[in-house]
Amino acid sequence: MARIFITGSTEGLGRAAAEALLDEGHDVVVHARDDERLRAVEDLVRRGAGHVTGDLADPDQTRDVAEQVNRLGRMDAVIHNAGVYRGPDVLPVNVVAPYLLTALIWRPSRLVYLSSEEHLAGRPVLRGQDWSGRESEGSYPDSKLFVTTLAVAMARVWPEVLSNAVDPGWVPTRMGGPSAPDDLRLGHRTQVWLATSSSPEAMTSGGYWRHEAREEPAPAVLDHEFQAELLVALSDYTGEPLAPRPLAPVD
C-alpha cells in the first residue's frame, strides 16, 4: 500500500480522493488550512489518516507544511489538489504552493497536479506576474496553465518521478458550483489512479489527463523554453531552486 499526501483535502475533490484511498487501504495524509478546518476531516483522522495544517497562501506556512510532511516520512505520492478560483490567493495557492512543496518535500515516486480545461485560455506570460497576490489578482486560467506546465516540466527535471497533470472536469464542488455538468464521482478518480495504479498507462509521465485518458494540453505546456522560464521565475521568487535531492531522508 502507498503513502499519499493530498493538499486541500477537507472538502471537494481532495476529500473524495482521501476517502477513496483510505477505502483501498492506503496510508493517507490529509491537509487543512488551519485547526478549525481540520475538524472537517476528523472522521478521516479517526480512520487512520495523518494530518498537517497550514495556509498555502502563505509561503512561510507552506514551508512549514513541507516540514510537517517530511516528519511523517517519505511519501510515495503527492496530489497537489488545493486551489482557489478567484481573489488574491490564486497564484500563491495554485502555483507557488505546489512549486514550494515540490521543492521541499522529500521526493516521492509520483506527483499529481490538479489542472483545468481553463488552462487552455491561460497566457504564457511570466513578466509582471504578482506571485505574492498582494498587488494584483492573478488569472485562474493563467494559474492552471502554469501548474500544468510545472507538472510536465517535473517529468523532465526528475525523470525517475512520474509527474502528471489532471483535469478533473467541471464538477459540482464548492469551486465548480452546483450547476457544474460533470459527474463528481469521476472527478477524483484519475488522481487516485495516477497516484497508485500499476497499470502501464498510469506508469507514464509528463501527461495531461482527463477521466483516465491522456489529452493534448496547451502548446506552451510542452514548450521546454517556457518550462525553464517558469521554473526560474518560481525559484527566484521563492528562493528555493529545484536542485537534485535525495529520494529519502539521510540519517
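Each value in this text was obtained by applying a stated rule to the coordinates, not by laboratory testing. None of the values given here were measured: they were computed from a predicted structure. Neighbour counts run over all protein chains shown; Cβ positions are idealised from the backbone, glycine included.
In vacuo Debye scattering of region 1-101, one point per C-alpha: log10 I(q)/I(0) at q = 0.23, 0.25 Å⁻¹?
-1.25, -1.44
Find which of A49, Q68, L38 sits farthest along the positive direction of the dipole of region 35-74, computed with +1 on the beta-carbon of Lys and Arg, -1 on that of Asp and Glu, about the Cα centre.
The residue sitting farthest along the positive end of the dipole is A49.
Give me Rg over Rh for the chain, both radii from the alpha carbons and Rh done the Kirkwood way, two decimal places.
Looking at the chain, the ratio lands at 0.92.
Just how many % of Cα pairs in region 49-112 lie over 14 Å apart, if you round to the nearest whole percent?
Working: 1095 of 2016 pairs.
Here the long-distance tail beyond 14 Å is 54 percent of all Cα pairs in region 49-112.
Considering only DSSP beta bridges whose two residues both sit in the chain, what percent are antiparallel, to the nearest 5? Numbers along the way, then the final one.
Values: 3 of 25 bridges.
Around 10 percent antiparallel, to the nearest 5.
How much length, in nm to one decimal, is gained on full extension between R156 and L186, taken as 0.36 nm per residue of separation minus their Cα-Cα distance?
8.0 nm
Tell me the label-point distance for the pair E11, A213, using the 7 Å Cα-to-Cβ offset, in nm and rounded to one decimal.
The two pseudo-label positions are separated by 3.1 nm.
From the residues Y99, L126, S197, which one has its Cα farthest along the dipole of the chain in the positive direction, the dipole being from +1 and -1 charges on Cβ of Lys/Arg and Asp/Glu about the Cα centre?
Towards the positive end, the residue furthest out is S197.
Got a sec? Which residues in region 1-24 would a label at R74 touch, if it sits 7 Å along Cα→Cβ and we count backbone N under 20 Å?
Output list for this probe position: 1-6.
Go ahead and estimate [θ] at 222 nm for the chain from helices alone: -39,500 (n - 2.57) per DSSP H run with n ≥ 4, summed, over the residue count, rounded to 500.
Taking each H run of at least 4 residues, the total per residue is -10000 deg cm²/dmol.
Nearest 20 debye, what's the magnitude of the dipole of the chain about its Cα centre given +1 on Lys and Arg Cβ and -1 on Asp and Glu Cβ?
340 debye
How much length is gained on full extension from L126 to E201, taking 0.36 nm per residue of separation minus their Cα-Cα distance?
23.8 nm
Which three extents, in angstrom, do the Cα atoms of region 63-147 have along their principal axes, listed largest first?
36, 26, 20
Post the alpha-carbon centroid distance, region 26-57 to region 60-104, in whole angstrom.
14 Å
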